[in-house]
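Contents: one structure, followed by commentary.
Quick note: the coordinates plus some simple rules give every number you see, no bench work behind them. Quick caveat: nothing in here was measured; it's all calculated off a predicted structure. Neighbour counts run over all protein chains shown; Cβ positions are idealised from the backbone, glycine included.
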Amino acid sequence: MDETVYEDGDFPSWSSAASQPADLNHATGTSDVPVFAMDETDFYEDVDSPSELSAASRPADLNTATGTSDKPDTTGCIPGSCRGSSGQSKVCTSDMMKASVVVTIVLFCCMLGAIFFLADVAQLIKSRLEKEKEKEKETMQHTEVTCPGGYQKYRKVCYKAFDTMKTFNESAKTCLADGGTLAMPRDSGINAFLIALKNGVKMNGDFWFGLHDQREEGEWEWVDGTALGTSYNAWSPGGNDGRDFEQDCAMYWGIQWFGWNCVLEDRFICQVILTVTCPGGYQKYRKVCYKAFDTMKTFNESAKTCLADGGTLAMPRDSGINAFLIALKNGVKMNGDFWFGLHDQREEGEWEWVDGTALGTSYNAWSPGGNDGRDFEQDCAMYWGIQWFGWNCVLEDRFICQVILTDSPGK
């Protein structure tokens with residue numbers, strides 16, 4: 001064969017599908033689509049120059065090989081906030097940006113509001129605590145006991161060391177004029193306090209105190225008549241041996257006790273036991289102060305008035321207190337109705353005092369039917385004449401307050 005034959009065999013060229021052999025069409029999987037004739041030069045140009053093909057005409061595997069993709073490039077964007085544009089540029093939507101700013105502002109405002117709210121709550125709590133402290137202070141001013149001028153308090157007793165020379169009996173009279181007696185150091189604590197007190201007036205000075213055996217030699221007793229006993233003493237050696245019948249009154253000799261002649265003059269120490277006084281207008285009964293008010297108020301308003309005085313509505317827990325309160329209220333309004341501190345507002349029929357303790361069964365002074373519970377609005381107790389009676393708490397009546405006397409803390 002000549003060269004022309006090989007050329008025609010390797011590069012067949014048919015002008016139309018009709019002139020192609022049938023078996024060739026079948027083998028190559030071609031259809032009846034016309035195949036355009038091309039020469040050898042055109043074929044190699046198309047194969048060797050794939051870059052000249054448009055993106056649309058490239059095979060899928062060629063696109064993959066060159067690293068290109070039909071999907072827009074969204075690298076670096078927040079999912080849902082970017083969109084592809086021509087050239088695969090990355091652009092965050094302005095709507096999402098605005099939404100983020102709005103959410104941030106809202107959260108900031110919420111946090112700021114919470115801070116202001118907590119600050120207001122803290123200020124309110126502080127204000128209430130200050131009011132409670134002020135009220136407690138006012139209450140203590142009503143009932144707090146103070147020592148007489150120049151006296152110092154120790155364990156609810158006031159003491160004073162006098163820099164005045166007097167006999168034992170004259171010293172006792174001076175103490176009596178102040179409402180007290182010569183000091184009685186019954187234990188080591190009081191004794192140490194008195195030594196420090198007298199040394200502040202005269203270092204290691206001699207001072208009378210309230211111990212003697214004037215009635216019977218050797219039987220030492222305190223000036224209130226109680227025996228010295230054996231529980232505590234601070235005698236110096238031989239200070240109470242009775243060798244001298246004129247050494248019948250005790251004094252501090254340095255830091256020890258010593259029996260001395262009662263008619264000789266020395267400095268002395270007095271004591272005054274604290275007694276409390278009631279607030280203005282109140283009267284004392286068994287260490288509790290009571291006052292009947294000639295003012296018409298509801299039960300709760302009455303309780304608030306008592307609280308302002310440092311107390312509560314009165315609680316007649318026994319017949320003695322009850323009789324005292326009846327006499328007290330009758331002095332304001334004969335047989336008048338007066339609230340006192342008993343109620344069953346929390347549970348019908350369960351009467352309790354305003355301090356939260358139950359009425360119990362030990363004592364009451366109910367009138368017949370006065371607490372039978374037939375009327376659910378009669379939940380607060382009042383004096384009805386000389387008897388107790390449940391009454392409507394929102395109605396106005398006179399009332400009785402009580403203030404329990406308390407000493408201020410000792411040293």
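For region 186-216, the list of trypsin sites (Lys or Arg not before Pro) that fall in a loop by DSSP and count at most 10 other C-beta atoms within 10 angstrom reads Arg215. Between amide H atoms placed 1.01 Å from N, distances below 5 Å from Lys153 occur with Tyr159, all of them 5 or more places distant or on a separate chain. The distance separating the Cα centre of region 154-171 from that of region 198-235 comes to 12 Å. Scalar couplings 3J(HN,Hα) for region 97-103, obtained by applying the Karplus form with A = 6.51, B = -1.76, C = 1.60 to θ = phi - 60°, are 4, 5, 4, 4, 5, 4, 4 Hz; x denotes Gly and Pro.
Remark: region 178-184, residue by residue, has Karplus-estimated 3J(HN,Hα) of 8, x, x, 9, 4, 5, 10 Hz, where x stands for each Gly or Pro and the curve is 6.51 cos²θ - 1.76 cosθ + 1.60 at θ = phi - 60°.
In loop segments of region 323-397 as defined by DSSP, the GluC sites (Glu not before Pro) with at most 15 further C-beta atoms inside 10 Å of their C-beta are Glu347, Glu348, Glu350, Glu377, Glu396.
Structure note, pairs Lys156/Lys291; Lys160/Lys202; Lys287/Lys333: Cα-Cα distances above 20 angstrom occur for Lys156/Lys291; Lys287/Lys333. Any chance you could check the Cα centroid distance between region 313-390 and region 257-282 for me, in angstrom? Result: 43 Å between the Cα centres. Put simply, the amide H of Lys166, placed in the peptide plane, has neighbours under 5 Å in Asp266, Arg267, leaving out anything fewer than 5 places away on its chain.
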